[in-house]
Amino acid sequence: MTESRWRLPWLRRPPWGWLLLAAGALAVLTGLVPTPAAAHAWDLGWPVLLFLILVKPVADLCQVAGLFRVAADALARLARGSGGALFWLFTGLATLTTVFLSLDTTAVLLAPIGVVLARRLRLDPLPYAFAAIWLANSASLLLPVSNLTNLMAHQRLGSAYLAQSWLPQLGVLAVTLLVLGLRWGRRVAGAYAPPPVEPIADRVLLVASAVVALALGPLLVLGVPAWAVAAGGLAVLWSTAALRRHPEARVRPMLALFPFEVAAGVLGLFWLVAGFSDRLAGWLPTPAPGITGNLLVAGIAALAANAVNNLPAFLALEGWAGTPQQLLALLVGVNVGPTILLWGSLANLLWWQSIRRLGVHVGVRRFAAEGLLLVPVAVLVGALLVGA
């Protein structure tokens, strides 16, 4: 009996993150991945991984404070019984959540809230689920905090990041909203009874979470390192929760919020991919300056992201994208492109697990078929607007 208690959880769910880290470390130690390539992957990746580890509990504490539920209920009252108005207000909330709290927050926390809200109001939850994941990916270009790939690109672009990202982001966002309207407009129409006002459990923690959420983006634009911003936000929320004596502020529940295994798996993937990045750049055609090169980079990046996941795809292609404009085109491909295949981004998989637990089942084929309505046009428009 004791042996089965130890072994069965491993059989049900292998620790993929730690296994990937071990594989990556072994590749480095045996020389399969050259030491300079592994060092470059570490230098590029450690600020991103530290931010990932710190920002996840920030988002979870925002959920504990009720920030997302309060925002969703406020939208339901603001829409005044109009299903169409509620849907578009929800897309606005999903966009803001992605921009300021990262695409994973939208996929993990906001998507389930949209599904639950739709069911409470007797509306179709599927448009809300797809709006959340489409905007999680397509609204993740604007700020470094919006996507882990952006943080890696920000290390090369520095303070010029926002000046180059805002126009492609607007173009991709416009395409996404247009396709959402054409695809789901009729299914979200209708009327509903506005929900009753629910009491706020802790107004102090709610205000603190709102302040932290709104401060993340501006602090990053001012040049504060992303991991330091996340650390400051976590310190504010954790100390507030501890002073308010929330159970989630205890040591063991807090430690459970940190995604150590996910970060370990990403680092392992970085090291494994680092050994092929130089050879891959040699196999690919050199992108020409201008629109043609940007389109080539964005297209190959979108294909690579769907094939191997967007984070290792960015690392493998980052050296190939020689100019700042091509680096932005690379972001367009790896951020927006993964909306076709479920394994294309971590956000896709987290979203799929979250809505599945709520009884909303979307298969691989359905996800790909829906994504093909959006991705080709969105990537094309985003790449065309890079450097425009």
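The table for this structure:
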read-out	value
Residue list for the stretch 147-188, restricted to those being within 18 Å of Leu96 (Cβ to Cβ), touching a helix residue (DSSP H, G or I) at 6+ places or on another chain (Cβ under 9 Å) and either of a type in the set (A, V, I, L, M, F, W, C) or modelled with pLDDT under 90 (or both)	Leu162, Leu170, Val172, Leu173, Ala174, Leu177, Leu180
Within the stretch 237-253, tally of residues that are at pLDDT 90 or above and either crowded, with 19+ Cβ neighbours inside 10 Å or in contact with a strand residue (DSSP E or B) (Cβ under 8 Å, 6 or more places away or on another chain) (or both)	3
Top-ranked residue of the stretch 213-229 - restricted to ones that are over 14 Å from Val64 (Cα atoms) and open to solvent by less than 20 Å² (accessible area, probe 1.4 Å), ranked as modelled with the highest pLDDT	Val229
Neighbours by Cβ (under 8 Å, 6+ apart or cross-chain): first from the stretch 301-318, touching a residue at least 12 places away in the same chain (Cβ under 8 Å) and assigned to a helix (DSSP H, G or I); second among the hydroxyl-bearing types (Ser, Thr, Tyr) and surrounded by fewer than 24 Cβ atoms within 10 Å (Cβ to Cβ)	Leu315/Ser277; Ala316/Ser277; Leu317/Ser277
Output for the stretch 286-311, where each listed residue is open to solvent by 60 Å² or more (accessible area, probe 1.4 Å), within 30 Å of Thr35 (Cβ to Cβ) and either modelled with pLDDT under 85 or among the polar types (S, T, N, Q) (or both)	Thr286, Val308
Any chance Trp166 is in a helix (DSSP H, G or I), aromatic (Phe, Trp, Tyr) and over 19 Å from Asn310 (Cα atoms)	yes
Members of the stretch 183-212 found to be of a type outside the set (A, V, I, L, M), crowded, with 17+ Cβ neighbours inside 10 Å and touching a Pro at 6+ places or on another chain (Cβ under 6 Å), listed by number	Trp184
Those residues of the stretch 61-91 which are of a type in the set (Gly, Ala, Ser), assigned to a helix (DSSP H, G or I) and under 28 Å from Ala235 (Cα atoms), in sequence order	Ala71, Ala72, Ala74
Residue match in the stretch 75-88 (condition: closer than 20 Å to Pro218 by Cα and either in contact (Cβ under 8 Å) with a residue 12 or more places away in the chain or open to solvent by less than 10 Å² (accessible area, probe 1.4 Å) (or both))	no
Selection count, the stretch 331-366, where residues are under 18 Å from Thr98 (Cα atoms), open to solvent by 10 Å² or more (accessible area, probe 1.4 Å) and touching a residue at least 60 places away in the same chain (Cβ under 8 Å)	2
First in the stretch 164-191 and farther than 14 Å from Ala383 by Cβ and in contact (Cβ under 8 Å) with a residue 60 or more places away in the chain, second anywhere and surrounded by fewer than 21 Cβ atoms within 10 Å (Cβ to Cβ) and of a type in the set (Asp, Glu), Cβ under 8 Å, 6 or more apart	Arg183/Glu370; Arg187/Asp124; Val188/Asp124
Residue among Ala321, Ala369 that alone is open to solvent by less than 60 Å² (accessible area, probe 1.4 Å), in contact with a helix residue (DSSP H, G or I) (Cβ under 9 Å, 6 or more places away or on another chain) and not aromatic (Phe, Trp, Tyr)	Ala321
Tally of residues being among the small types (Gly, Ala, Ser), over 16 Å from Pro194 (Cα atoms) and free of Cβ contacts under 8 Å to residues at least 60 places away in the same chain across the stretch 106-151	3
Every pair of residues 6+ apart whose Cβ atoms lie under 9 Å, when the first sits in the stretch 248-265 and is touching a residue at least 24 places away in the same chain (Cβ under 8 Å) while the second is surrounded by fewer than 18 Cβ atoms within 10 Å (Cβ to Cβ) and of a type in the set (Ser, Thr, Tyr)	none
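The rows are residues; the columns are (1) of a type outside the set (D, E, K, R); (2) over 21 Å from Trp88 (Cβ atoms); (3) surrounded by fewer than 24 Cβ atoms within 10 Å (Cβ to Cβ).
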{"residue": "Gly114", "(1), (2), (3)": "yes, no, no"}
{"residue": "Leu117", "(1), (2), (3)": "yes, no, yes"}
{"residue": "Leu121", "(1), (2), (3)": "yes, no, yes"}
{"residue": "Pro125", "(1), (2), (3)": "yes, no, yes"}
{"residue": "Tyr128", "(1), (2), (3)": "yes, no, no"}
{"residue": "Ala131", "(1), (2), (3)": "yes, no, no"}
{"residue": "Ser146", "(1), (2), (3)": "yes, no, no"}
{"residue": "Leu151", "(1), (2), (3)": "yes, yes, no"}
{"residue": "Gln155", "(1), (2), (3)": "yes, yes, yes"}
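The values are calculated or read from the model by the stated rules, or taken from the named source; none is laboratory data. The structure displayed is predicted, hence computed values, not measured ones. Virtual Cβ from ideal backbone geometry, glycine too; neighbours counted across all protein chains shown. With ligands, DNA and RNA removed, areas are computed over all heavy atoms of the protein, side chains included. Shrake-Rupley method; radii C 1.70, N 1.55, O 1.52, S 1.80 Å.
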